[in-house]
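The values are calculated or read from the model by the stated rules, or taken from the named source; none is laboratory data. None of the values given here were measured: they were computed from a predicted structure. Ideal geometry is used to build each Cβ from the backbone, glycine not excepted, and the neighbour counts take in all protein chains shown. Side chains included, ligands, DNA and RNA excluded: accessible areas come from the protein's heavy atoms. Shrake-Rupley method; radii C 1.70, N 1.55, O 1.52, S 1.80 Å.
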Amino acid sequence: MGTEESNGFEPATGEGPPPSESAATRAATVRTAFEGLLQIRRLTGSGHPDPVAVPAPWERNRPIRAIALALERSGATPSAVDASGRRVSAGYRVSSGESPGSVRVEWIGPPGSGAAHGEEEALAGCASALRDLGWTVLLYRGPRRRRYLEVEPPSELSGGHGRPS
């Protein structure tokens, strides 16, 4: 990872601490990062009729970052952990998916948070936000019947490795 990425803006993946800046400051930073992402799409997607409607190569090479940015920009709440790694808030968590280039999105929280009860509606909102940005999103049930999303670029962009939507 380059210096800019390691020292600059990091979208919330649900594995970090709660935000340290004000909500307004964080929202402005996310908005600026997302506008940059859309500009990357415009500049690199000239072969597509609507370049803003599909993930750019930058996103496909950094899918966890791209998905986390898209979710944070949509207003979805990220989960968070404290310094000891204990989960302290309910929300989305973005991690590597089961297949190369895919991303898993879960709705999790600390024990007693009720995250499992809100996951269906919350994940539906996440799925909608990601589909609006051109990602292929599939809903699954995992252990203990907990739902999660598997997200990947559309099959025409992933060299045929993506699953149909």
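Going through the DSSP H helices of the chain, which span 24 Å or more along their own axis at the Cα atoms while scoring at least 0.0 as a mean Kyte-Doolittle hydropathy? Each step should come with its number before you reach the end.
Numbers: long enough: 23-44 (31 Å, 0.17); 115-132 (25 Å, -0.13).
Helices passing the filter in the chain: 23-44.
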How would you classify the stretch 5-150 from its alpha-carbon gyration tensor, with a ≥ b ≥ c the square roots of the eigenvalues: rounded for a/c under 1.5, else prolate if a/b is greater than b/c, otherwise oblate?
-> oblate
Add -39500 (n - 2.57) for each DSSP H run of 4 or more in the chain, then divide by its residues: what number comes out at 222 nm, to the nearest 500 deg cm²/dmol?
-> -12000 deg cm²/dmol
Contact order relative to length of the chain, as percent, for alpha carbon pairs under 8 angstrom and 6 or more apart = 20 percent
Mind listing the long-range amide H neighbours of THR77? Cut-off is under 5 Å, sequence gap 5 or more, other chains count too, H placed in the peptide plane at 1.01 Å from N.
-> TYR92
Loop only per DSSP, at most 10 neighbouring Cβ atoms within 10 Å: give me the trypsin sites (Lys or Arg not before Pro) in the stretch 60-125, ordered by residue number.
-> ARG86
Could you tell me which of rounded, prolate or oblate describes the stretch 89-134, using a ≥ b ≥ c as the square roots of the eigenvalues of the alpha-carbon gyration tensor, with rounded for a/c under 1.5 and, failing that, prolate when a/b is larger than b/c and oblate otherwise?
-> oblate
Fraction of accessible area attributable to carbon and sulfur, the chain (%, probe 1.4 Å) = 52 percent
Based on the mean of other beta carbon atoms within 10 Å per residue, what is the order of 125-136, 141-152, most packed first?
-> 125-136, 141-152
Between the modelled labels at SER46 and ASP132 (7 Å from Cα along Cα→Cβ) the distance in nm is 3.0 nm
Hand me the GluC sites (Glu not before Pro) from the stretch 56-140 located in a DSSP loop with no more than 16 other Cβ atoms within 10 Å, in residue order please.
-> GLU98
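With a ≥ b ≥ c the root eigenvalues of the C-alpha gyration tensor of the stretch 65-111, is it rounded (a/c under 1.5), prolate (a/b larger than b/c) or oblate?
oblate
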